Amino acid sequence: MHTMTPAAVWRRREMVCTSAGEIDVVIDAPENGAGPAIVLLPSSQRDSLDFDPLAQQLALLGHRVLRPQPRGMGRTTLPLEQLTLHRLAQDVIDTVQALGCGSAVLVGHAFGHFIARVADMDHPQCVRGVVVAGAAARVFPAGMAESLDLASDASQPAALRITHLQRAFFAQGNDPTAWLEGWHPELRAVYRAAGTVPPKDRWWTVANAPVLDLQGAQDPWRPPESRGELQELLGAQKVAVQVIDQASHALVVEQPVAVAGAIARWMALLPEGGGRSAGAAHGV
């Protein structure tokens, strides 16, 4: 079933079949269903429904937006055993090949950017560009991971959780209460283990496709002194940096219109087709 909005974009869900199971994918697109493909990958312990406002904004700007539900969430049936970033990246590529005409821009929010970067490393022919959205600094300040654990724990008092949501995820003046719901803490250990394989040192210095490093101006995970670390590592020709005001670590839900506009403007400058060949990877 298609859900129409006043601006004639639609939303539907499809199941992508793989040899290991099915991937539940939410699709937002213009009325004709066409447009450059974008894949949105959510942050730690959260599913892709967080992207509802951003996906609609991108569809309004003429993009076909794909949101594969992570393993263990939605109707996705892929197994959780022996999970790695390589396997999660393959889920993204299976989605791109099935519903994105074989090539897409990958937008990874926080933990999702681990998967996007590894997908670009493993499958450069399928990746036009990578948007690193709300990524933490290579070495982020102490206390952030503890705030994540408390904010995502439904057994904790709501007031305490809101305090840590405000501390670690939402800029002052932005309402954190929507993120009292939507967590999957039962998957915390599985995804943390997956995030270590391959180790960050393996993919951190590799970028085949162009990168947009989108940062929240008030994100404590990304202190001002770390603003240029990815650009300095990979080069200004490879990495563009943009800071979104009145946004913290949850910037894709705090400022969906600004984030969509930044992504669309950057995408308009990308070459057609996939990323460069694996042999052309930029490494330091």
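Report for the chain the percent antiparallel among DSSP-assigned beta bridges with both residues inside it, nearest 5. Percent antiparallel among DSSP bridges in the chain is about 45. Calculated mean residue ellipticity, 222 nm, the chain: -8500 deg cm²/dmol, from DSSP H runs (n ≥ 4) at -39500 (n - 2.57) each, averaged per residue and rounded to 500. Filter the trypsin sites (Lys or Arg not before Pro) in segment 29-78 down to the DSSP loop ones having no more than 13 other Cβ atoms within 10 Å, then list what survives. Listed in order of number, the matching sites are Arg75. For segment 202-263, applying the loop criterion from DSSP together with a ceiling of 13 other beta carbons within 10 Å to the trypsin sites (Lys or Arg not before Pro) yields no site. With N counted as the residues of segment 148-284, its alpha-carbon radius of gyration over 2.2 N^0.38 Å works out to 1.22. Quick check: from the Cα gyration tensor, does segment 44-128 come out rounded (a/c under 1.5), prolate or oblate? Oblate shape, in that a/c is at least 1.5 and b/c is the bigger or equal ratio. Would the chain count as rounded, prolate or oblate if I go by the C-alpha gyration tensor, calling it rounded below 1.5 in a/c and otherwise prolate when a/b exceeds b/c, oblate otherwise? Rounded, since a/c falls under 1.5. Qualifying trypsin sites (Lys or Arg not before Pro) in segment 121-191, where qualification requires a DSSP coil assignment and no more than 15 other C-beta atoms within 10 Å, comprise Arg138. Kirkwood radius and radius of gyration were both taken over the C-alpha atoms of segment 86-171, and their ratio Rg/Rh is 1.12. Annotation: extensible slack from Gln237 through His86 equals 51.7 nm (criterion: 0.36 nm per residue apart, minus Cα-Cα distance). For the chain, the fraction of 1.4 Å probe accessible surface lying on carbon and sulfur atoms is 56 percent.
What the chain shows is 40 Å² of accessible area per residue, with the surface traced by a 1.4 Å probe over protein heavy atoms. Residues of the chain were split at every exposed loop site, defined as GluC sites (Glu not before Pro) in a DSSP loop with at most 16 other C-beta atoms within 10 angstrom, and the longest piece left, sites excluded, is 82-180.
Anisotropy class assigned to segment 56-210 is prolate, per the alpha carbon gyration tensor with a/c at or over the 1.5 cut-off and a/b larger than b/c.
The values are calculated or read from the model by the stated rules, or taken from the named source; none is laboratory data. Since the structure is predicted, the reported quantities are computational estimates derived from the model, not experimental observations. Glycine gets a Cβ as well: all are built from the backbone with ideal geometry, and neighbour counts include every protein chain shown. Note: accessible area is taken over every heavy atom of the protein model, side chains too, but ligands, DNA and RNA are not part of it. Shrake-Rupley method; radii C 1.70, N 1.55, O 1.52, S 1.80 Å.
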